[in-house]
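Take a look at the structure set out below.
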Amino acid sequence: MDLLGKVALVTGAGSGIGKASAVMLASRGAKVAVLSRTESEIRKTKEEIEAAGGKALALTADVSLEGDMKVAIDTMVSAWGQLDIVVANAGINGVWAPIDDLQPHEWDKTISVNLRGTYLTIHYAVPHLKASGGGSVVVVSSINGTRTFTTAGATAYAATKAAQLAMVQQLALELGKSRIRINAVCPGLIATNIPDSTIKRNQDAARIPVVWPEGDIPITGGKAGTSEDVAEIVTFLASDRSRHITGSPVWIDGGQSLLR
């Protein structure tokens, strides 16, 4: 229970990595505000945490909307009086298509959710982290755009993930004097439902023909990682056990990005 007495905010907590992280943070003693734009999903996450004996607060908001995020974070602080941990996880794969096929509104949507959403989350959280005397921010990035560039047509997605890591490294210096640490986790292939909402169009036109080694995740023989694999690192970075780590990416991919 090394997070007892801490208050955490997890965005995109309705499923996948966000939900697994929220559940694990709560199991370590933190009160967890779980945020999603889908009310039914976030209610289930809250109920799961409470059924296990944890404390949770459900917040419905779109991370790309300024008003939504301000109200959500103000609501959480009003309820619990503090904020110590932020997991900026909400994001989309968006549309994967050749750059001359990818439409401006499709580009803007991915940038808005993944990058503006991360900015707004941190922007409204930082004053409360400062008021708590410091804290930890964990941004969920990806191997795409930080270590690999082989996902055909994923230019907008990769750009947002690269930018998230740049934000983390920039802010590690800016926020360090306020005792706020910020790090990035960069998952590879993880078994979640996010691929179901990915729009793929004319990917072959953007694909480079390469024959990959058999089993492209060396440590598992090609099997995808789990949301809990990522949640373990998120929880470590949220805790004081990582007190001397800031501005760092952690690739969680079983060695996948070393091949690709």
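Restricting the range 147-159 to residues that are in contact with a helix residue (DSSP H, G or I) (Cβ under 8 Å, 6 or more places away or on another chain), at pLDDT 95 or above and aliphatic (A, V, I, L, M) leaves a set whose member that is nearest to Lys130 (Cα to Cα) is Ala159. Tallying residues that are of a type in the set (S, T, N, Q), out of contact with any Leu (no Cβ under 7 Å at 6 or more places or on another chain) and either closer than 17 Å to Glu39 by Cβ or surrounded by 14 or more Cβ atoms within 10 Å (Cβ to Cβ) (or both) within the range 65-84 yields 1. Please verify whether Lys109 is surrounded by 16 or more Cβ atoms within 10 Å (Cβ to Cβ), assigned to a helix (DSSP H, G or I) and in contact with a Cys (Cβ under 8 Å, 6 or more places away or on another chain), treating the condition exactly as stated. No; evaluated as a whole, the condition is false for this residue. Can you name the residue in the range 25-51 that is surrounded by fewer than 22 Cβ atoms within 10 Å (Cβ to Cβ) and touching a helix residue (DSSP H, G or I) at 6+ places or on another chain (Cβ under 7 Å) and, of all such residues, is nearest to Phe236 (Cα to Cα)? Only one residue tops the list, namely Arg28.
Considering only the range 229-260, state which residues are in a helix (DSSP H, G or I) and of a type in the set (Lys, Arg). Spell out how you get there, then give the answer.
Restricting attention to the range 229-260, the residues satisfying the condition of being in a helix (DSSP H, G or I) are 229-238, 240-242, 256-259.
Within the range 229-260, Arg241 is the sole residue that qualifies.
Residues in the range 38-90 that are closer than 22 Å to His128 by Cα and among the basic types (Lys, Arg): Lys55, Lys70. Has the range 211-219 got at least one residue that is more than 28 Å from Ile122 (Cβ to Cβ), of a type in the set (A, V, I, L, M, F, W, C), modelled with pLDDT under 95 and surrounded by 14 or more Cβ atoms within 10 Å (Cβ to Cβ)? Within the range 211-219 (the criterion being more than 28 Å from Ile122 (Cβ to Cβ), of a type in the set (A, V, I, L, M, F, W, C), modelled with pLDDT under 95 and surrounded by 14 or more Cβ atoms within 10 Å (Cβ to Cβ)), the answer is yes, since at least one residue qualifies. Taken together, the residues in the range 160-202 that are at pLDDT below 95 and hydrophobic (A, V, I, L, M, F, W, C) amount to 5.
The values are calculated or read from the model by the stated rules, or taken from the named source; none is laboratory data. Here the structure is a predicted model, which means the values were calculated and not measured. Using ideal geometry, Cβ is built from the backbone for each residue, glycine included, and neighbour counts are taken over all protein chains shown.
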